[in-house]
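The values are calculated or read from the model by the stated rules, or taken from the named source; none is laboratory data. All values reported here derive from a predicted model rather than from experimental measurement. Glycine also receives a Cβ, built like all others from the backbone with ideal geometry; neighbour counts cover every protein chain displayed.
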Amino acid sequence: MHVEKLIFLGGPSCSGKSTFMKKILEKEEPVISKKLEIGDPSLWMYTTTTRGQPALMYRVLFHYDILINKFYREKHLESYEKDESLNILDKSREITFVTFWAKPETLIKRIKQRNKNIIPELIKDYFRTLPLHYNNFMTNRRVLRFYTNPKELDLIYKKWFEFCDKYKAKAYWIIDTTTDSPNLIPLSDWLENSLLETS
């Protein structure tokens, strides 16, 4: 596999990755698209996996949950280095990291709403969807408890930034999605002004 241009979208559950991508694909974020040099979004491949992908890809938007190894996989991985899906970074000529962040209280509100949305699906087709939706519901409950401890979330971000720093990326960005108007900020500037415990 070889990727010419990779924009890597990383962040925890409910930090706004999917919503942001939808806006990008529908050309609703022209300012951010210009900063990220996306141009025509129809020329980009949007994916969450490296499996079954072509050997050569020119422009890839890769969606990644930085909590995936903690909550969403049967086998817990101790570090990002052991996650095979991140091998795409080693196969990319040009990398731009975009990390999503929102205030913990915002994440808590969003994940509570996500679980509320699961309940109608359970009722609609109880026997067919019960295993899937029940698992999602319980996983969201665990993530919700995790979000009530901001220091633990800070530690995840710290590990993520340390991992990203190992790559010679073209740019490192933060998108603050706390409000409905996401703000794209250089990572170095954000770290200087954030309350994130990176020491």
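Quick check on my filter: what residues within the range 158-188 are touching a strand residue (DSSP E or B) at 6+ places or on another chain (Cβ under 7 Å), of a type in the set (Ser, Thr, Tyr) and either surrounded by fewer than 17 Cβ atoms within 10 Å (Cβ to Cβ) or assigned to a loop (DSSP other than H, G, I, E, B) (or both)? Outline the logic, then answer.
Filtering the range 158-188 down to residues touching a strand residue (DSSP E or B) at 6+ places or on another chain (Cβ under 7 Å) leaves 160, 164, 167, 169-177, 182-187.
Those left that are additionally of a type in the set (Ser, Thr, Tyr): 167, 172, 177.
If the condition is that a residue be touching a strand residue (DSSP E or B) at 6+ places or on another chain (Cβ under 7 Å), of a type in the set (Ser, Thr, Tyr) and either surrounded by fewer than 17 Cβ atoms within 10 Å (Cβ to Cβ) or assigned to a loop (DSSP other than H, G, I, E, B) (or both), then Tyr167, Thr177 are the ones that fit.
Going by the conditions given, is Val31 surrounded by 14 or more Cβ atoms within 10 Å (Cβ to Cβ) and of a type in the set (A, V, I, L, M)? No.
Within the range 36-56, being within 18 Å of His2 (Cβ to Cβ) and either assigned to a loop (DSSP other than H, G, I, E, B) or among the small types (Gly, Ala, Ser) (or both) holds for Trp44, Thr49, Thr50, Arg51, Gly52, Gln53, Pro54, Ala55. For the range 30-49, give me the residue count where each residue is in contact (Cβ under 8 Å) with a residue 40 or more places away in the chain and under 17 Å from the mean Cα position of the chain (by Cα). Of the residues in the range 30-49, 2 are in contact (Cβ under 8 Å) with a residue 40 or more places away in the chain and under 17 Å from the mean Cα position of the chain (by Cα). Restricted to the range 133-152, and to residues there that are free of Cβ contacts under 8 Å to residues at least 12 places away in the same chain and assigned to a helix (DSSP H, G or I), the residue that is nearest to the chain's Cα centre (by Cα) is Glu152.
Scanning the range 51-74 for residues that are of a type in the set (S, T, N, Q) and under 17 Å from Lys17 (Cβ atoms) gives a single hit, Asn69.
Residue count for the range 158-199 under the criterion of being at pLDDT 90 or above, over 20 Å from Thr19 (Cβ atoms) and of a type in the set (Ser, Thr, Tyr): the result is 3. Of the residues making up the range 20-29, not a single one is touching a residue at least 12 places away in the same chain (Cβ under 8 Å), within 22 Å of Asp90 (Cβ to Cβ) and not charged (D, E, K, R). Of all the residues in the range 72-93, those that are hydroxyl-bearing (Ser, Thr, Tyr) and modelled with pLDDT of 85 or more number 3. Would you check if Met1 is touching an Asp or Glu at 6+ places or on another chain (Cβ under 9 Å), in contact (Cβ under 8 Å) with a residue 24 or more places away in the chain, farther than 30 Å from Asn115 by Cα and not charged (D, E, K, R)? So Met1 fails the test. Only a single item in (1) small (Gly, Ala, Ser); (2) within 28 Å of Leu155 (Cα to Cα); (3) out of contact with any Phe, Trp or Tyr (no Cβ under 6 Å at 6 or more places or on another chain) is not met by Gly10, and it is number (3).
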